[in-house]
Each structure stands twice: as structure tokens, then as C-alpha cells.
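Here the structure is laid out as C-alpha cells; the discussion comes afterwards.
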Amino acid sequence: MRAILIGLGLLASTAPALALAPMTVAQFLTRAAPLERLGPAAVLHPDFAPLRDEVRLAGRAYRADIDAQRRAGRPLHSCPPAEARLDPQLVLTEFRRIPPAQAQRMTVKQGLYAVAKRRFPCAPQKRR
């Protein structure tokens, strides 16, 4: 009994750390697949909000990074229009273009940055 309690205690102490691990593109696609089949009713599924929030957080981080690069006068990662929005279906399509082995290691944030780099390339800099 004591061993079970210790085991549960260890599991409980590591659960928050496991929950904070960033989601990979492969995990995202696996969880999103059943929701796609639901169509508009997907918003009622319990997996919808965590997936939506994962992309929103990545999008906010991306926008903050671009703004910081602009303020610092550094070269930009990519050049999105001022009010750029990525359609959820486009994100899924772009994530599916990522090779499976890479998607296993790539976080949703990294995947979104890769999508932005492809969709919003910067014009080549003119040489002086």
C-alpha cells in the first residue's frame, strides 16, 4: 500500500511538468484529425479548445517576436501583413506538409513559424 501511495505521489508530482511539455506538430495533427470529421460541431469537442489555444499562443509569440525584431532593427524572420491571419484549414494543410519524422520533433510553435516563413517571405534586401 505504501509503495502505491509513493508511486501515486511521484506521478502527481511529475504530472504538471508533463502537462507543460509543448505539443508537437504530430501530436497536434493526431488530435485534430477526429475533429475535422465533426465539421462545425468540432467546437463542442473537449479537444477543440486546447488545440485552438496551442495555435493562438504560438501566434501571439510569433507576432511578439516579429514586433521585437522590428523595434530592434534586426532582420525579420518573415514579413506578415499588419493584420495577417492564418485560416485553421491552411494551418492543418501546412502542418501536413512537414515530413513525419520532423513533425515528431517540431513543436506547434516551431511549425507555425515555418508556415509563416513560407507564407510571408520578406522581399530580398537591396545591396548598397
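What follows is calculated from the coordinates using simple rules that are stated; it is not laboratory data. Everything quoted here is computed from the prediction, not taken from an experiment. Cβ placement follows ideal geometry from the backbone for every residue including glycine, while neighbour counts extend to all protein chains displayed.
One chain, two ends: residue 105 and residue 45. Fully extended at 0.36 nm per residue, the span grows by 19.0 nm beyond their Cα-Cα distance.
Projected label points at residue 119 and residue 31, each 7 Å from Cα along the beta carbon direction, are separated by 2.0 nanometres. What is the distance in Å between the Cα centroid of region 16-69 and that of region 100-126? Centre-to-centre distance over Cα atoms comes out at 16 Å. Annotation: the residues 25, 91, sorted from fewest to most other C-beta atoms within 10 Å of their own C-beta, follow the order 91, 25. For region 98-109, backbone phi angles converted through the Karplus equation (6.51, -1.76, 1.60; θ = phi - 60°) give residue-by-residue couplings of 6, x, x, 4, 6, 5, 5, 9, 8, 6, 4, 4 Hz, Gly and Pro being listed as x.
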